[in-house]
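Written below as structure tokens is the structure these notes are about.
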Number of protein chains: 2
Amino acid sequence: MRADAQRNAEKLRAAAAELFRERGLQVPLKEIARRAGVSHGTLYNLFGTREALIDEVVTEHATSRLDEVAQQALACADPWDGFAHYVEKLCELQATDPAVADVVSGRYPGAERLMTACAQSMDAAQRIVGRAHEAGALRPDFTNADLVFAFAANALLARATADTAPTAWRRQVAYLLDGLRTEAARTSVPAGRLTRQQVQDALTSLGEKA
Amino acid sequence: MRADAQRNAEKLRAAAAELFRERGLQVPLKEIARRAGVSHGTLYNLFGTREALIDEVVTEHATSRLDEVAQQALACADPWDGFAHYVEKLCELQATDPAVADVVSGRYPGAERLMTACAQSMDAAQRIVGRAHEAGALRPDFTNADLVFAFAANALLARATADTAPTAWRRQVAYLLDGLRTEAARTSVPAGRLTRQQVQDALTSLGEKA
DNA sequence: ATGTAGCTTGACCGCGGGGTCAAGTTAAAT
DNA sequence: ATTTAACTTGACCCCGCGGTCAAGCTACAT
């Protein structure tokens with residue numbers, strides 16, 4: 001590989017990393033090239049497909065974030081606390097980092113490294129759920145699939161309300177956790193008084209993003 | 001208005017009603033015209049904007065459905081049962097009828113009749129929530145805004161998983177309701193054992209729809 | 001039967017996405 | 001310095017969306 005190609009690949013990787021984290025994995029490839037200061041043709045030359053670029057740019061970042069949260073969860077002495085921590089932090093990650101959100105609730109069959117990392121992450125989730133089940137703290141009918149869909153719903157909601165009702169997802173997550181717990185307990189819900197107008201605005205922007 | 005125009009308007013209304021209910025309110029206008037067997041120019045002539053068409057075609061349908069659910073809820077002797085019924089049935093409505101889903105979690109400022117109907121529907125929700133609050137059955141920190149966002153999340157999830165995990169949303173709603181209830185109670189969750197593969201497929205299609 | 005206002009049509013525009021490739025440029029080997 | 005293979009570029013293609021409008025057609029009153 002020639003030195004200039006190397007440089008361009010690096011510029012593209014940097015731009016892609018930025019845009020993926022800002023706006024998610026479906027950001028237009030031409031826009032990545034634009035931000036990198038390079039023709040979009042070059043992007044296609046060097047990476048071929050979006051998924052190849054994702055695999056190179058997102059994998060480490062995403063897996064390290066996800067692993068970190070899972071580790072913290074498993075480090076909690078109390079299995080329920082571990083589970084709750086996992087859910088909260090992972091949802092927070094999704095709300096903060098659209099790239100991670102897309103990794104958690106999406107599939108990119110072409111991104112091999114990413115997909116194996118995902119599988120590992122799923123296993124970690126399985127362990128966290130299992131531990132909470134065994135301790136009798138998590139309702140027994142809750143499955144791993146439910147967890148995945150909860151994350152999916154959170155990703156969608158968080159993205160849709162990011163700039164209009166940034167705490168909406170937190171409250172939903174708090175309610176959900178209370179519904180999942182075996183022993184009755186009301187977690188306190190993060191503040192978030194909204195005026196009717198704010199709710200209207202949130203719905204408006206929600207419509208624009210759907 | 002000339003007779004042929006009348007006929008075309010009727011054909012367009014019918015086609016729009018169908019497509020809105022099948023695929024939601026963002027369905028391409030040209031596709032509506034196509035299904036009506038009429039040029040898209042005609043659609044623009046007769047209705048001008050998407051929102052005008054929505055207002056004519058969706059309003060009655062949506063409000064009658066929403067009213068019905070709200071009436072049933074208020075008819076429940078027990079305020080909690082009323083609230084739970086409202087949430088479940090409204091979510092079911094969203095899952096079954098994309099048009100209603102878009103009405104519930106979207107805004108269409110150009111569709112006047114629809115918007116006033118929406119406002120009324122919000123008032124009904126307010127009453128249902130208030131009743132549950134007064135009875136002490138619904139956690140006091142739960143607001144109307146939370147309800148709106150819960151519906152929004154449900155709409156997104158239900159649509160994304162419609163053809164891969166059609167009961168996913170039901171389970172999420174059941175968990176949520178248990179989290180919202182003051183007195184501890186574990187509602188039974190609708191069946192929905194999914195294989196890993198089914199979950200993967202659901203995530204795939206989710207990515208395609210985002 | 002004919003005139004005309006009302007209506008319909010489909011080609012056309014702008015936009016923005018994905019993707020390709022011939023022509024031109026440049027790094028680097030000699 | 002020259003050559004050549006590697007690389008870059010941007011014009012170009014496709015598609016589908018929303019939206020407009022001159023030209024032509026048709027319902028209807030006379």
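The values are calculated or read from the model by the stated rules, or taken from the named source; none is laboratory data. What you see is a predicted model; the values in this text were computed from it and never measured. Don't worry about glycine lacking a Cβ; one is built from the backbone with ideal geometry, like all the others, and counts go over all protein chains shown.
If a residue has to be more than 16 Å from DNA strand C (Cβ to nearest atom), part of a helix (DSSP H, G or I) and not hydrophobic (A, V, I, L, M, F, W, C) to count, how many in region A:43-79 make the cut?
11
From (1) acidic (D, E); (2) in the same structural domain as A:C118 (by TED's automatic domain parsing); (3) modelled with pLDDT under 95, pick out the condition that doesn't hold for A:D163.
Condition (2) is where A:D163 drops out.
Check region B:77-97 and report whether any residue there is within 16 Å of DNA strand D (Cβ to nearest atom) and either at pLDDT below 95 or within 14 Å of chain A (Cβ to nearest Cβ) (or both).
no
Determine if region B:129-145 includes at least one residue that is of a type in the set (D, E), within 12 Å of chain A (Cβ to nearest Cβ) and either closer than 16 Å to A:T204 by Cα or free of Cβ contacts under 8 Å to residues at least 60 places away in the same chain (or both).
The answer is yes; a qualifying residue exists.
Just checking: which of the helices (runs of 4 or more DSSP H) contained wholly in region B:97-204 hold 2 or more residues that are on the phi < 0 side of the Ramachandran plot and β-branched (V, I, T)?
B:98-104, B:112-134
Take A:G192 and decide whether it is under 17 Å from B:A150 (Cα atoms), facing chain B (nearest Cβ under 8 Å) and surrounded by fewer than 20 Cβ atoms within 10 Å (Cβ to Cβ).
Answer is yes for this residue.
Filter region A:155-169 for residues that are over 17 Å from A:M122 (Cα atoms) and under 14 Å from the mean Cα position of the chain (by Cα); which is surrounded by the fewest Cβ atoms within 10 Å (Cβ to Cβ)?
For region A:155-169, the residue satisfying everything is A:A162.
Check B:G110 against each of (1) of a type in the set (G, A, S); (2) without any contact (Cβ under 8 Å) to a residue 12 or more places away in the chain; (3) more than 16 Å from DNA strand C (Cβ to nearest atom) and name the one condition it does not meet.
If we test B:G110 against (1) of a type in the set (G, A, S); (2) without any contact (Cβ under 8 Å) to a residue 12 or more places away in the chain; (3) more than 16 Å from DNA strand C (Cβ to nearest atom), just (2) comes out false.
Out of B:Q172, B:Q200, I need the residue that is under 23 Å from A:A158 (Cβ atoms) and at pLDDT below 95. Which one?
Exactly one of B:Q172, B:Q200 is under 23 Å from A:A158 (Cβ atoms) and at pLDDT below 95, namely B:Q200.
Starting from residues that are touching an Asp or Glu at 6+ places or on another chain (Cβ under 8 Å) and more than 14 Å from every other protein chain (Cβ to nearest Cβ), keep the ones in region A:21-60 and report whichever is nearest to DNA strand D (Cβ to nearest atom).
Per the stated criteria, the residue is A:F47.
In region B:18-49, what residues are in contact (Cβ under 8 Å) with a residue 60 or more places away in the chain and surrounded by 17 or more Cβ atoms within 10 Å (Cβ to Cβ)?
B:F20, B:R21, B:G24, B:L25
Scan (1) touching a helix residue (DSSP H, G or I) at 6+ places or on another chain (Cβ under 6 Å); (2) surrounded by 17 or more Cβ atoms within 10 Å (Cβ to Cβ) for the single condition B:E56 breaks and write down its number.
Tallying (1) touching a helix residue (DSSP H, G or I) at 6+ places or on another chain (Cβ under 6 Å); (2) surrounded by 17 or more Cβ atoms within 10 Å (Cβ to Cβ), B:E56 fails exactly one: (1).
Quick one: A:A165 ticks every box in (1) within 8 Å of chain B (Cβ to nearest Cβ); (2) of a type in the set (A, V, I, L, M); (3) closer than 19 Å to B:R186 by Cα except a single one, so which number is it?
Exception for A:A165: condition (3).
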